[in-house]
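The values are calculated or read from the model by the stated rules, or taken from the named source; none is laboratory data. Only a predicted model underlies this, so the values are computations on that prediction, with no experimental measurement involved. Virtual Cβ from ideal backbone geometry, glycine too; neighbours counted across all protein chains shown.
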Amino acid sequence: MPQPDILNAGGADYAKTHLALRYSHRMAWDMVRIAVQKITRPEEIPLLPFAGLCCVFRAGLAVLETKVYVNEDVVGEDEIHSFRNILSWFAIRWSVGRVYLMRLQELQLQF
């Protein structure tokens, strides 16, 4: 996949911005990784805070949406599969989950 022109930019401001994005990627996906490890059954979804789950799922999508801007891959294929599973469970209970799930499908078509 061709890299956007922004990756070819230079300068101190670019370096700071890119470093912040890389760290944000790692932190956001670590949050998703923990959710994937802890949520093992669909019955657990209603026991967790709606807003917290929305934050975790949206963070995961943001990592995938901005993947092209970061030169390291923090997301494993098996993790995306597990992410999809818990997102599917969430979508059964909450309609916003269906929107997130559709976005994940769109993003996977781009990889």
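Inside the stretch 66-80, can you point out the residues that are exposed (fewer than 14 other Cβ atoms within 10 Å of the Cβ) and either modelled with pLDDT of 95 or more or closer than 30 Å to A15 by Cα (or both)? Give the steps one after another, and end with the answer.
Of the residues in the stretch 66-80, the ones exposed (fewer than 14 other Cβ atoms within 10 Å of the Cβ) are 66, 71-73, 76-78.
Selection gives T66, N71, E72, D73, G76, E77.
Filter the stretch 61-110 for residues that are in a loop (DSSP other than H, G, I, E, B) and in contact with a helix residue (DSSP H, G or I) (Cβ under 8 Å, 6 or more places away or on another chain); which is nearest to A35 (Cα to Cα)?
From the stretch 61-110, those in a loop (DSSP other than H, G, I, E, B) are 66, 70-76, 94; that's our starting set.
Filter again for in contact with a helix residue (DSSP H, G or I) (Cβ under 8 Å, 6 or more places away or on another chain), leaving 66, 70-75, 94.
Numbers: T66: 20, V70: 23, N71: 24, E72: 21, D73: 19, V74: 15, V75: 14, W94: 17 Å.
Across the stretch 61-110, the extreme among qualifying residues is V75.
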Which numbered condition F83 misses (of (1) under 19 Å from A20 (Cβ atoms); (2) of a type outside the set (D, E); (3) surrounded by 14 or more Cβ atoms within 10 Å (Cβ to Cβ))
(1)
